[in-house]
1. When the Cα centres of the stretch 63-111 and the stretch 242-314 are compared, how far apart do they sit, in Å?
2. How far, in nm, would the chain grow between residue 258 and residue 199 when pulled straight, counting 0.36 nm per residue and subtracting the alpha carbon separation?
3. What is the extension gain from residue 395 to residue 265, computed as 0.36 nm multiplied by their sequence separation minus the C-alpha to C-alpha distance, in nm to one decimal?
4. Report ³J(HN,Hα) in whole Hz for each residue of the stretch 215-228, in order, from the Karplus equation J = 6.51 cos²θ - 1.76 cosθ + 1.60 where θ = phi - 60°; Gly and Pro get x.
5. Of the candidates 161, 327, 227, which one comes out as most mobile in a Gaussian network treatment of the chain with C-alpha springs shorter than 10 Å?
6. When the Karplus curve 6.51 cos²θ - 1.76 cosθ + 1.60 is applied with θ = phi - 60°, which whole-Hz ³J(HN,Hα) does each residue of the stretch 125-141 get, with x for Gly and Pro?
7. Give me the compactness ratio for the stretch 1-184, meaning the Cα radius of gyration over 2.2 N^0.38 Å.
8. Kindly count the pairs of lysines across the stretch 193-414 whose alpha carbons are less than 22 Å apart, treating pairs on different chains or eight or more residues apart as eligible.
Amino acid sequence: MREFNRHFKLMVVGQVISMFGASVLRFALSLYILDLTGSATIFGTILALSIIPTIFISPIGGAIADRFHKKKMMVTLDVISGTLIAIFAIILVSSNVTVVSIALLMTALTLISAMYQPAVQSSIPLLVEKELLLKSNGVISGVMSISNFIGPIVGGVLYSFVSIEAIVIVSAICFFFAAIMEVCIKIPFEKSPPQPLVKMVVSDIKQGLMYIIHDNRFILKSIIVTFIVSLFIAPMFFVGLPYMVKLLFGMPDTYFGFTQSGISLSIIFSAMTIGMLKGKIKVSNLYLWIIGCAVVYFAMAAGTSGLISSPFVKYLIVTFSSMLVMFALTVVNIFINTKIQEETPSHLIGKVMAIQITAGTTAVPIGQMLFGFLVDGFSSQIYLLIFGVGILTLFISLVVKQLYSKRLSEELAG
């Protein structure tokens, strides 16, 4: 982190604090809902419904991020988050909390996050030199992964020893403290002429789409890659993995926790070491990382077939394979984000990054539903489904190579 300036470091610290508070709160509330209702289905429904607004709000957040001061936007959103959580704490203390109030809080925080992330992503190129862009994206991705890894652990421990009210209050404090840190950041800003909000948002989203579709086809291709990977490759870990570990292999819940922790550590390691890959990962060899995922899927299919009888050995193969795939996918994702930031003019970067986030977010629930159906259909021969995913991943690698063929030629010529 020595090579980064003070303002980027302050933004990272603010991210650590706010994301950690959000992660702890999210996990603690999941336990609280289960205690309150005794129904995992209710919580699952709440989670699914809370994701949907992100699809529509992210582009708006991107448009606003390009028009308004990014620092003020981050500070304001963190203050609003802290205030909403503080209000929820008062509701908890007064014993008036309901499942509806929890759902409203989670949806509101998701909406705020959909506005917040484009501001963060579009600030990175303004805070670091171009040669540090890949590494800085790795740092931000690592912060998110570490928060998602440590937050549930801390949330579970706190929930066992202190009241839910105390956890909610601590989470609110985290957001307020993050806002204080962000006040000290200096982010370059050029003021735009004032316009009516709705007209401005519609115009800016249209401008971002036109730039992607007509002016920079490389970014369009990169967003297509993000969508395809999120739709067909990533859902195996959201749907197929818990099914295999808990039902097919009969492993205890703790073992699934170990698998999730291993995947989180893999993502963290990928994010933290991607700076070392600068110069080695290029558009011309990006498809090779996806081919690597296909090879791992083929090994996973063999490991879950009748060739191996021990459920524990199958569990180890699936866990290790999942870690390898998620390492590669994290590298691909960070690299694509970095290239999009490098290619996009500063006055459009918020809109473009928001559209990319929306594409990935839209693909996830579609992929989850698709794989839920497929996992049920192949439950007795799961290895065939995994092998099929490997074939599909291999095909996707060829699509990626073809999409980037022009840029590939330019790199090889250079």
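1. 35
2. Extra length available between residue 258 and residue 199 comes to 16.3 nm.
3. 44.0 nm
4. Once rounded to whole Hz, the list reads 9, 9, 5, 4, 5, 4, 5, 5, 5, 4, 4, 4, 5, 5.
5. Maximum among the listed residues: 161.
6. Along the stretch 125-141, the couplings run x, 8, 9, 10, 5, 4, 5, 9, 5, 4, 5, 5, 5, x, 4, 4, 4 Hz.
7. That works out to 1.05 for the stretch 1-184.
8. Lysine pairs meeting the criterion: 24.
Each reported figure results from applying straightforward, stated rules to the coordinates on display, with no laboratory input. These numbers come from a predicted model, not from an experiment. Neighbour counts run over all protein chains shown; Cβ positions are idealised from the backbone, glycine included.
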